[in-house]
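Below is one structure, written out as structure tokens; the observations come after it.
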Amino acid sequence: MDKLIKRSQYCGEFREEHIGQTVCVNGWVAKKRNLGSLIFADIRDRSGIVQVVFGDDTPEEVREKANKLRSEFTVGIKGVVRERESKNNEIPTGAIEIIAEELSIYAEAETPPIYIKDDDNVSGDLRLKYRYLDLRKPMMQNTLAFRSKMYNVIRNFYYENGFVEVETPVLAKPTPEGARDYLVPSRVNPGMFYALPQSPQQFKQLLMVAGTDRYIQIAKCYRDEDLRADRQPEFTQIDLEMSFVDQEDILDMQEKFLQRLFKEMKGIDIQLPLPRLTWDEAMNRFGSDKPDLRVGFELKDIAPAVEGCSFQVFTDAIAAGGKVMGINMNGCSEKFSRKDIDKMTESVKTYGAKGLVWIRKEENEIKSSVGKFFDQEALQKICDVFEAKAGDLILIVSGKKEVVWASLGFLRRDLANKLGMLDPNEYKLLWVVDFPMFEWSDEENRFMAMHHPFTSPKKEDIKYMETGELDKVYADAYDIVINGYEAGGGSIRIHDSALQKKIFEVLQLTEEDIRVKFGFFIDAFKYGAPPHGGLAFGLDRLCMLLLGTDDIRRVIAFPKNQNAQCVMSEAPTIVTKQQLEELSIDIAIKEK
């Protein structure tokens, strides 16, 4: 085994001021070039690359050893820094090189199954299978360092503002939140299960009852839900709670945190206060409760302009209490062909839309897919709603309001992305506030809590619970939205036992339901709970946004794939019969 050559500096730290110094580096061989009398090797570590030369000034036995070097050999090198003759301006160390005097080969390496470079064009699953190699890439090392710095900024800010970091249990009671729990069997309590926490919600509220006043935790959370590019089954959130506060106090504190985060991580000055939209306004203007404000294309209600028309699709939607709305893709008439619009139509059908109506405004004529139902004057009336000009393309969806919002909300962002209008280095932040307290569930055939049952309704709306007008009840709930992503959300909590009981009644929970699901939690509130509220930021998603990527797996060291699998370690996996017997578990697998 070759001796350890202890590093004097990281590879990427060498500059012209180091010329003449004897130095030691450790790392991996990124590339080797053998020119006969000279051998060049690029040595890489997490900080970057430095060129090492084995030449006339290198001992013969060291040069012979250097002939054995291959890509990804792990090495240690001692040598003298000198000025480089042919400088490489593409890397920070490009003005110097190291003339090797000693070489230790710590470990040889087989030919890697993926290239260790940023632009390798390797499939996502192959990158995840060999994640330990993928993480050697400069881009990934920079990402890990960026995320590490985020942790420091987070803790510094909240510590400075009086927050106490508290760890809450990972083995907890199954929760009644929206997504499915990951269950963990108890060996010492046969037939009983823990759940991995979807969030520390109940525990952080109990910390407020306990008098902690301001709580912070960088918490691991787990949700067994279908995955998307911005979701993972296990994720990290910045979880916090504050006592004796109202909504304004919480939003003010979090705005200051975001201002600090963007300044220290990106050098961007976020102007405060952040804009706010109510949930109703966000849905009616943008078709989404997480609107991307980098683009316009706002939704317009055209029902008044088409009421009584001969196009039954529109009139039926209006008669049924639905909506007829559209967006104006300004100046985009020539950018989207009929074939493109056919693809858009298929896309909105996935959101429940029956179809998509288009109108093209030209200099001397207005063309439309429903032209036989509308004369030019009627089409102009619709165009006036959008203030349409020649060259504009109007896209219209009708039906239930949820379908119309979802379809047009998807279209405005998807088409803006296709047009290259979503600059990842431009940031638009806003609060969406005043969410509905309840939402109807066809599956449960009853109203459910839109957030969770501990969210406080707005005081002025409590009266509607008495009359059963639950669709009129709004909550003191709020989301922080960045570039079309929900980056965090929270609410003011219920601290009054009588109000909490009323909410449970509205949700049709029996005394037994309440006792089984929330017993210990409800008991705690008998002993004096402060007015309190909180919020949780998705740390992975924040990191993703700050790095300008739309793939959350890039910012997690060892993520799962779209099937919630770790293709590297092959988790989840089958366990032995003995392990199942110890846990008193018998399994029956249904055929797919």
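Output ³J(HN,Hα) for the stretch 16-23: one whole-Hz value per residue in order, computed from phi by the Karplus curve 6.51 cos²θ - 1.76 cosθ + 1.60 with θ = phi - 60°, and x for Gly and Pro.
4, 5, 8, 4, x, 8, 8, 9
Too long at a 28 Å Cα-Cα cut-off: which of Lys367/Lys418; Lys149/Lys418; Lys290/Lys502; Lys266/Lys459?
Pairs exceeding 28 Å: Lys149/Lys418; Lys290/Lys502; Lys266/Lys459.
Out of the stretch 47-133, which GluC sites (Glu not before Pro) are coil in DSSP terms and have no more than 12 other C-beta atoms within 10 Å?
Passing both the DSSP loop test and the Cβ count: Glu85, Glu90, Glu108, Glu110.
Of all trypsin sites (Lys or Arg not before Pro) in the stretch 324-375, which ones are in loop regions per DSSP and have a Cβ with at most 10 other Cβ atoms within 10 Å?
Within the stretch 324-375, the qualifying trypsin sites (Lys or Arg not before Pro) (loop, at most 10 other Cβ atoms within 10 Å) are Lys372.
Using the Cα centre of the stretch 443-581 as origin and beta-carbon charges of +1 (Lys, Arg) and -1 (Asp, Glu), tell me which of Gly488, Pro453, Val555 is placed farthest towards the positive end of the dipole.
Sorting the options by dipole projection puts first Val555.
Could you grab the Rg to Rh ratio for the stretch 301-422? Cα atoms only, Kirkwood for Rh.
0.94
Along the positive direction of the dipole of the stretch 1-96 (beta-carbon charges: Lys, Arg +1; Asp, Glu -1; about the Cα centre), which of Ile39, Tyr10, Ala95 reaches farthest?
Selected residue: Tyr10.
Out of the stretch 325-368, which GluC sites (Glu not before Pro) are coil in DSSP terms and have no more than 16 other C-beta atoms within 10 Å?
Qualifying residues, ordered by number: Glu362, Glu363, Glu365.
Amide H neighbours of Leu135 under 5 Å, counting only residues 5+ apart in sequence or on other chains, H built in-plane at 1.01 Å?
Placed amide hydrogens put nothing under 5 Å from Leu135.
Among Lys300/Lys323; Lys31/Lys65; Lys400/Lys472; Lys300/Lys372; Lys349/Lys381, which pairs are too far apart, with a Cα-Cα distance over 21 Å?
Listed pairs above 21 Å: Lys300/Lys372; Lys349/Lys381.
What three numbers, in Å, describe the spread of the alpha carbons of the stretch 127-270 along their principal axes, ordered from the longest?
On the principal axes, the stretch 127-270 reaches 54, 49, 24 Å in Cα extent.
Using a 1.4 Å probe on the protein heavy atoms, what percent of the accessible area of the stretch 301-373 belongs to carbon and sulfur?
About 46 percent, which is the carbon plus sulfur part of the accessible surface.
Compute, for the stretch 192-270, the length of the dipole vector about the Cα centre, with Cβ point charges of +1 (Lys, Arg) and -1 (Asp, Glu) only. Units Debye, rounded to 20.
300
Once the mean 1/r over all distinct Cα pairs of the stretch 38-78 is inverted, what Kirkwood radius in angstroms do you read off?
10.9
On the accessible surface of the stretch 93-234, probed at 1.4 Å, how many percent belong to carbon and sulfur atoms?
Heavy-atom surface of the stretch 93-234 belonging to carbon and sulfur, 1.4 Å probe: 50 percent.
Which angle between 0 and 90 degrees, to the nearest 10, do you get for helix 376-386 versus the longest principal axis of the chain when only C-alpha atoms count?
Between the helix axis and the principal axis of the chain, the angle is about 60 degrees.
Relative contact order for the stretch 206-296 using alpha-carbon pairs under 8 Å, separation at least 6, rounded to a whole percent?
18
If you count only protein heavy atoms with a 1.4 Å probe, what accessible area per residue comes out for the stretch 187-261, rounded to a whole Å²?
On a per-residue basis, the stretch 187-261 sits at 41 Å².
How large is the convex hull of the Cα atoms of the chain per residue, expressed in Å³ as a whole number?
Taking only Cα atoms, the chain has a hull volume of 230 Å³ per residue.
What percent does the relative contact order of the stretch 362-467 come to when contacts are Cα pairs within less than 8 Å and at least six residues apart?
Once normalised by length, the contact order is 13 percent.
Near the amide H of Ser456, under 5 Å away, which other amide H atoms are found, from residues 5 or more places off or on another chain, if H is placed in the peptide plane?
Asp476, Ile492, Arg493, Ile494
From the phi of every residue in the stretch 420-437, what ³J(HN,Hα) in whole Hz does the Karplus formula 6.51 cos²θ - 1.76 cosθ + 1.60 yield, where θ is phi - 60° and glycine or proline is x?
x, 8, 9, 6, x, 9, 9, 10, 10, 10, 7, 9, 10, 10, 6, 6, x, 6
Averaged per residue, what accessible surface does the stretch 268-397 expose to a 1.4 Å probe, in Å²?
Dividing the accessible area of the stretch 268-397 by its residue count gives 51 Å².
log10 I(q)/I(0), Debye, Cα-only the stretch 420-461, no solvent, q = 0.17, 0.26, 0.32 Å⁻¹?
-0.65, -0.96, -1.17
Could you state the principal axis extents of the C-alpha atoms in the stretch 530-589, from the largest down, to the nearest angstrom?
46, 42, 19
For the chain, what does the helix formula give at 222 nm: sum of -39500 (n - 2.57) over DSSP H segments with n ≥ 4, over the residue count, nearest 500 deg cm²/dmol?
So the calculated ellipticity at 222 nm is -8500 deg cm²/dmol.
Which three extents, in angstrom, do the Cα atoms of the stretch 468-592 have along their principal axes, listed largest first?
Sorted from largest, the Cα extents of the stretch 468-592 read 50, 47, 31 Å.
From the backbone phi of the stretch 344-361, what are the Karplus-calculated ³J(HN,Hα) couplings (6.51 cos²θ - 1.76 cosθ + 1.60, θ = phi - 60°) in whole Hz, Gly and Pro given as x?
Going residue by residue, I get 4, 4, 5, 5, 6, 5, 5, 9, x, 6, 7, x, 9, 9, 10, 9, 10, 8 Hz, with x marking Gly and Pro.
The values are calculated or read from the model by the stated rules, or taken from the named source; none is laboratory data. Owing to the predicted nature of the structure, the values given are computational and were not obtained by experimental measurement. All Cβ positions, glycine included, derive from the backbone under ideal geometry; neighbour counts span all protein chains shown. Protein only, heavy atoms only, side chains kept; ligands, DNA and RNA dropped before computing areas. Shrake-Rupley method; radii C 1.70, N 1.55, O 1.52, S 1.80 Å.
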